[in-house]
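Take a look at the structure set out below.
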Amino acid sequence: MRLSIIAVLLCALGCAEMGRRATVSVDEFASYRRFRVAATVEQKLAASVDYLRDNPKGSYRVEVGRWLRHAEMGYVVRAWDDAPRLRAFLAAVPSGAYSSRAAERLVELELTEEYRQKSDRAFEAKVAAIEARLAKAESGRRELLRGVVGWARRLSRLRDFGKRISELDDELVFAFRLEAPAARCDGDLCTKTISVAYDVPEGKAQSAREAVYDVGMQLENGGVRSAWVTGPELFTRIGEAVRVAAVPPTDLGARIEAIGQATQMIAIAVEPALPASRCAVDPVSPIVLRRVCDGVDLRVVSALDPGEEDRISIQPAATRAPTP
């Protein structure tokens with residue numbers, strides 16, 4: 001008896017489906033079949049939209065509409081940060097319940113990518129312009145700029161405060177400890193002194209210059225607490241190397257211009273690790289450049305008095321860097 005009832009029910013369901021199929025047109029059923037056999041979610045979204053558009057009173061509109069309502073929301077949520085998937089969704093569902101949100105989000109992602117590409121191109125253009133000027137400079141000026149800019153870049157990536165020097169980034173450890181002249185430690189203070197000789201045009205002659213700067217790290221209980229690059233008239237020397245022209249010691253305007261050029265060089269060097277878009281802090285004299293984010297505070301400080309030195313320093317945010 002039970003088997004007979006089940007057979008009757010199955011027959012009824014099958015007959016109902018066959019009856020419904022018999023009442024729909026060939027085109028409608030073909031459209032529905034494309035929805036049912038779609039190989040990808042995107043294809044199924046497009047097929048469901050096509051079916052509902054072409055068959056507003058279709059026999060399968062309830063089934064297709066219910067699936068589409070759930071699928072739209074889930075797809076957009078999963079594709080929220082994926083521009084190609086959002087484009088695929090909008091191609092499949094150009095005017096659905098979530099299409100406007102997807103379109104707005106896609107614009108945000110495209111604008112962000114466009115800004116990043118423009119920033120990259122601007123960064124590369126600045127570097128190219130500086131390198132073109134350096135092509136006319138002597139090896140000493142090149143060495144000075146590469147050295148200071150390189151140290152600014154290395155310090156901008158420093159995050160491992162509290163760790164021993166040997167546990168820092170390999171490139172930083174090699175440059176500080178192994179690359180001549182090697183750093184020396186006296187208690188909790190480790191420094192290396194770098195001297196670069198170069199010539200700079202002055203009037204009708206070449207004048208000899210020497211840039212001397214220290215790279216230092218202050219330790220606390222064996223771990224790095226802060227780091228810096230500091231040197232007498234360091235930004236003036238950088239300005240001379242960039243301009244390929246002397247900065248007279250009594251020319252305040254030339255000194256200010258040299259500080260600006262040095263600041264620009266350092267800003268370019270630290271940009272990848274400490275981007276201005278999220279790290280820049282308005283500098284207050286004598287600070288000429290400051291970046292604070294990711295738990296670090298990088299400062300570029302111009303000397304105001306003859307006995308002071310120009311300085312690039314990095315330390316944990318909300319702490320005060322010691323004076324070496």
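Filtering the stretch 126-153 to residues that are modelled with pLDDT of 80 or more and more than 15 Å from Ala241 (Cβ to Cβ) leaves only Arg153.
For the stretch 208-229, the condition of being without any contact (Cβ under 8 Å) to a residue 24 or more places away in the chain and more than 29 Å from Phe174 (Cα to Cα) holds for at least one residue.
The test for being open to solvent by 10 Å² or more (accessible area, probe 1.4 Å) and in contact with a Phe, Trp or Tyr (Cβ under 8 Å, 6 or more places away or on another chain) does not hold for Ile287.
Filtering the stretch 194-219 to residues that are modelled with pLDDT under 90 and open to solvent by less than 20 Å² (accessible area, probe 1.4 Å) leaves Tyr198, Val200.
Suppose we keep only residues that are assigned to a loop (DSSP other than H, G, I, E, B) and open to solvent by 50 Å² or more (accessible area, probe 1.4 Å) within the stretch 296-318. Which one would you say is nearest to Val224 (Cα to Cα)? Talk me through it step by step, then tell me what you get.
Kept after step one, since they are assigned to a loop (DSSP other than H, G, I, E, B), are these residues of the stretch 296-318: 302-309, 317-318.
Next, only the ones that are open to solvent by 50 Å² or more (accessible area, probe 1.4 Å) stay: 304-309, 318.
Numbers: Leu304: 28, Asp305: 29, Pro306: 29, Gly307: 27, Glu308: 24, Glu309: 22, Ala318: 16 Å.
Among them, the one singled out is Ala318.
If only residues of the stretch 20-55 that are among the β-branched types (Val, Ile, Thr) and exposed (fewer than 15 other Cβ atoms within 10 Å of the Cβ) are counted, the one that is modelled with the lowest pLDDT is Thr23.
Do you know which residues across the stretch 68-79 are surrounded by 15 or more Cβ atoms within 10 Å (Cβ to Cβ) and either of a type in the set (Phe, Trp, Tyr) or not in a loop (DSSP other than H, G, I, E, B) (or both)?
Those that are surrounded by 15 or more Cβ atoms within 10 Å (Cβ to Cβ) and either of a type in the set (Phe, Trp, Tyr) or not in a loop (DSSP other than H, G, I, E, B) (or both): Leu68, Ala71, Glu72, Tyr75, Val76.
Quick check, is Leu106 part of a helix (DSSP H, G or I) and either loosely packed, with under 15 Cβ neighbours inside 10 Å or on the phi < 0 side of the Ramachandran plot (or both)? Yes: the conditions hold for Leu106.
Please verify whether the stretch 179-189 includes one or more residues that are modelled with pLDDT under 90, touching a strand residue (DSSP E or B) at 6+ places or on another chain (Cβ under 9 Å) and surrounded by 15 or more Cβ atoms within 10 Å (Cβ to Cβ). There is no residue in the stretch 179-189 that is modelled with pLDDT under 90, touching a strand residue (DSSP E or B) at 6+ places or on another chain (Cβ under 9 Å) and surrounded by 15 or more Cβ atoms within 10 Å (Cβ to Cβ). Return yes when Arg225 is open to solvent by 60 Å² or more (accessible area, probe 1.4 Å), under 30 Å from the mean Cα position of the chain (by Cα), farther than 29 Å from Ala122 by Cα and among the basic types (Lys, Arg) and no when it is not. So Arg225 fits the description; yes.
If the condition is being open to solvent by 40 Å² or more (accessible area, probe 1.4 Å) and free of Cβ contacts under 8 Å to residues at least 40 places away in the same chain, then the stretch 160-178 contributes Ser166, Glu167, Asp169, Asp170, Glu171, Phe174, Arg177, Leu178. Within the stretch 94-105, the presence of at least one residue that is modelled with pLDDT under 90 and within 30 Å of Glu271 (Cβ to Cβ) is confirmed. Using the structure shown, decide if Val49 is in contact with a helix residue (DSSP H, G or I) (Cβ under 9 Å, 6 or more places away or on another chain), in a helix (DSSP H, G or I) and among the aliphatic types (A, V, I, L, M). So Val49 fits the description; yes. Scanning the stretch 228-258 for residues that are among the β-branched types (Val, Ile, Thr) and either closer than 20 Å to Gly140 by Cβ or crowded, with 19+ Cβ neighbours inside 10 Å (or both) yields Val229, Thr230, Thr236, Ile238, Val242, Val244, Val247. The residues of the stretch 141-157 that are touching a helix residue (DSSP H, G or I) at 6+ places or on another chain (Cβ under 7 Å) and closer than 17 Å to Leu289 by Cα, listed by number, are Val148, Val149, Ala152, Arg153, Arg154, Ser156.
The values are calculated or read from the model by the stated rules, or taken from the named source; none is laboratory data. Here the structure is a predicted model, which is why all the values come from computation and not from measurement. Every residue, glycine as well, gets a Cβ built from its backbone with ideal geometry; the counts of neighbours run over all protein chains shown. The area values use the complete protein model at the heavy-atom level, side chains included, leaving out ligands, DNA and RNA. Shrake-Rupley method; radii C 1.70, N 1.55, O 1.52, S 1.80 Å.
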